[in-house]
Amino acid sequence: MDINATLIGEMITFALFVWFTMRFIWPLLEKVLKEREEKVAAGLAAAERGHKELEIAQKYAIQHIHEARSKAVEAIELAKKQATLIVEQAKAEAARERAQIVALGEATVAQERRQAKDALQAELIGITIASTEKLLSRVMTDKDKEVLLNDDFKELKTWQQEG
């Protein structure tokens, strides 16, 4: 065999191989490569959408965190104001109750003072009457007593006539 015939045979075989590959295998490979390319493109697009959604979600989360923080600060301030108001109301109520208790105490003291004064006056009147009776019994004669009783009797009658 000659090198040329071998070379021509190999060239014919290679041409048949290329033709067979281009006719039957190459379309399958192109189809697989296109599907793979579409999957990769879809994956990249999904990744891009995911990045955009992640950015949007991060902005949304940051916005909600700021809103929640501001609402929390407002709630804390409102709670502090309410606590201050409650404390002030409690102080005012305590002052009113203290004033009522002091007034009640002062009224009680005044009443006890009046009762003590009345009791002392009654006792003083009793002592004065007893002392006067003793003194008069020693100083007055029977005739003086009779004149005094008559004067008292006349005075008593005039009171009865007037009343």
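Bear in mind these aren't lab numbers, they're just calculated from the coordinates by the rules spelled out. Note that the structure is a prediction, hence the values are computed from the model and not measured. As a convention, Cβ positions derive from the backbone with ideal geometry for all residues, glycine included, and neighbour counts pool all protein chains shown.
A crude spin-label estimate for the pair Ser70 and Thr141, with each label 7 Å from Cα along the Cβ direction, gives 11.4 nm.
For Lys134, the lysines whose Cα falls under 26 Å of its own Cα, not counting residues fewer than eight places away in the same chain, are Lys117, Lys143, Lys145, Lys154.
How far apart, in nm, are the 7 Å Cα→Cβ label points at Glu123 and Phe17? Taking the two extended label points, one gets 14.5 nm.
Counted residue by residue at 0.36 nm each, then reduced by the alpha carbon distance between them, the extension gain from Ala90 to Ile8 reaches 18.0 nm. Report the calculated FRET efficiency for Glu155 and Ala103 (r = Cβ-Cβ distance, R0 = 41 Å), to the nearest 0.05. Once the sixth-power term is evaluated, E becomes 0.35.
The alpha-carbon of Lys91 sits under 21 angstrom from the alpha-carbons of these lysines, leaving out residues fewer than 8 places away in its chain: Lys80, Lys81. For the chain, the membrane-span-like helices by this rule, meaning whole DSSP H stretches whose C-alpha atoms cover at least 15 Å of axis and whose Kyte-Doolittle mean is 0.0 or above, are 3-20; this says nothing about an actual membrane. Using only side-chain charges placed at the Cβ, +1 for Lys and Arg and -1 for Asp and Glu, the dipole size of segment 3-162 relative to its Cα centre rounds to 800 debye. Straight Cα distances below 27 angstrom link Lys31 to the lysines Lys39, with same-chain residues fewer than 8 positions distant left out.
Across the options His64, Leu148, Gly105, the greatest Cα extent toward the positive end of the charge dipole of the chain (unit charges at beta carbon of Lys, Arg, Asp, Glu) belongs to His64. Mean projected area of the convex hull spanned by the Cα atoms of the chain, taken over all viewing directions: 30.0 nm².
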